[in-house]
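The values are calculated or read from the model by the stated rules, or taken from the named source; none is laboratory data. Here the structure is a predicted model, which means the values were calculated and not measured. FYI the Cβ positions are ideal-geometry reconstructions off the backbone, even for glycines, and counts take in every protein chain you see. For accessibility, only protein heavy atoms count, side chains too; no ligands or nucleic acids. Shrake-Rupley method; radii C 1.70, N 1.55, O 1.52, S 1.80 Å.
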Amino acid sequence: MPFKRVLLIMFLADAFLSLPGCATNPEFPRFNTKDTEEPGETVPVLAPWKTIPLNPDYAGLWFVAGDVDGDGLPEIVTAKNVNQDDVHHTSSVAVQKLDGTTLWTWGDPKIGRKELHHDVACQIKDWDGDGRNEVVLATKGALVELDGKTGAERVRIPIQDDAADSITFCNLSGDALAETVLVKDRYHSIWAYTRDGKLSWTVKDPGGFKTAHQPRPMDIDGDGIDEIFAGYAMLNADASVRWVVQSKAAKNMFGHLDCARMLTCGVRPEETRIALTFCGGNNLAVVDGNGRVVWELKGHHFESVQVGRILPDKPEPQLLADIDHQPYGNSPIWVIGGDGTALGQLITNYSRQHRLVDWDGDGCDEFLVANGRGLYDHTGTRIATFSMPSGDPIPHVGDMDGDGRTDVLFNTGNEVCIFRNDKGMKSSGQIPLGTGSNVTLY
């Protein structure tokens with residue numbers, strides 16, 4: 001079937017399932033608010049701590065951050081990729097210090113696109129376990145490791161030309177220093193490679209279904225070895241199918257898994273809870289570590305999920321989930337309890353990109369919506385506006401100054417704006433500088 005016709009069928013299915021009577025229409029007992037106009041003068045405006053103009057030739061809207069040159073400060077790593085008939089590969093990379101200077105560049109700046117429609121296969125990771133980060137990317141026909149300080153190529157592993165859709169690091173051996181990297185094509189196959197170029201395994205249509213945008217490693221049985229949420233199937237470390245999600249919504253032939261997040265990690269798999277969103281299935285589900293559905297919310301195209309504690313009087317974690325494929329100006333984002341109760345709704349112009357951050361130090365998370373540059377509290381009320389150019393910036397969170405607090409970053413396409421968190425609660429443990437590994441838009 002032609003690709004455009006498949007997209008049309010998926011769009012019509014989404015539209016039908018979103019009609020009144022087909023969609024879930026909860027009461028939202030905590031809040032039901034709307035913020036689609038310019039904020040009033042009483043809303044505080046937050047000025048950026050750092051603004052880094054991006055390299056005009058090599059940089060893109062995809063970005064990650066971390067200390068790649070070993071100076072104790074994070075750098076900004078941005079990338080572009082080539083898209084041809086929904087097949088992608090990383091085409092250029094720019095690494096910049098917080099003062100805006102370019103540390104090094106890689107690739108061909110004359111090809112590729114700056115804008116984003118999906119993850120780009122470029123991550124920061126200490127892949128060789130020497131205590132220093134590398135930049136690892138997937139380009140056409142190769143998985144490439146670049147020295148973090150100089151950009152020099154250290155490792156090049158041949159891969160299939162279409163296997164550069166995303167990259168994910170995981171522990172499939174129990175040895176914390178023996179990280180495996182997963183590469184994939186758009187929706188069908190995943191390959192697992194060790195740093196010495198060995199192909200550990202490959203899997204196609206895991207469990208009989210399409211892959212997710214990014215395979216999600218998670219240790220669901222506590223043995224120190226990652227299982228891989230590959231799509232609707234959970235894989236063991238050897239790629240054998242452990243189980244397939246037991247939801248009828250997963251049977252949509254056009255659909256795939258958008259997002260998987262660990263809600264709670266139990267002592268046993270049956271005590272674990274994992275939140276999932278189903279593209280094409282118009283569904284958000286929480287399953288246990290055996291794939292059994294605990295609860296579901298049907299009737300909306302839920303896209304991305306964050307897990308945290310938003311409501312001060314509820315000690316258990318909640319979900320923050322956007323509903324995509326909605327008209328501009330009517331884009332919902334929901335706060336959902338761990339039991340599946342839809343507790344709050346905020347309507348913004350476009351809620352697709354969002355993050356959680358404890359901004360005031362009370363131990364609870366505020367949430368931000370990138371499109372409107374807004375920061376919101378547990379009542380869905382805007383409490384601050386991030387000062388930066390309007391548009392659709394890409395947000396991330398991470399410690400950017402080494403103080404143990406989570407800061408906020410936005411990539412506008414022309415610059416990265418960093419907002420330093422002065423009041424948030426410090427982490428009880430050590431957190432990495434920057435955004436960490438396995439960064440995803442989903």
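Overview of values
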read-out	value
Alpha carbon Rg of the chain, scaled by the compact-globule rule 2.2 N^0.38 Å	0.93
28 Å Cα-Cα reach of LYS97 towards lysines, excluding residues that sit fewer than 8 places from it in its own chain	LYS50, LYS80, LYS110, LYS114, LYS125, LYS140, LYS149, LYS423, LYS426
Global geometry of the range 200-301, whether rounded, prolate or oblate, following the gyration tensor of its Cα atoms and the 1.5 cut on a/c	oblate
Order by protection proxy (mean Cβ within 10 Å, highest first), peptides 110-119, 298-307	298-307, 110-119
For the chain: accessible area per residue (Å², 1.4 Å)	40 Å²
Trypsin sites (Lys or Arg not before Pro) within the range 186-241, DSSP loop, no more than 14 other Cβ atoms inside 10 Å	LYS198
Extension gain (nm, one decimal) between GLN160 and GLU41, 0.36 nm per residue minus Cα-Cα	37.4 nm
Length-normalised contact order for the chain - Cα pairs under 8 Å, 6+ apart - percent	15 percent
Rounded Å value of the spacing that divides the Cα centres of the range 53-68 and the range 159-185	22 Å
The range 260-344 shape via C-alpha gyration tensor axes, a/c threshold 1.5	oblate
Among SER428, VAL286, ILE52 the positive-end extreme of the charge dipole of the chain (Cβ point charges)	VAL286
Rounded if a/c under 1.5, otherwise prolate or oblate - the range 208-366, Cα gyration tensor axes	oblate
Packing rank of 395-403, 211-219, where each peptide gets the mean count of other beta carbons within 10 Å, highest leading	211-219, 395-403
Debye, to nearest 20: dipole size of the chain, +1 on Lys, Arg Cβ, -1 on Asp, Glu Cβ	1100 debye
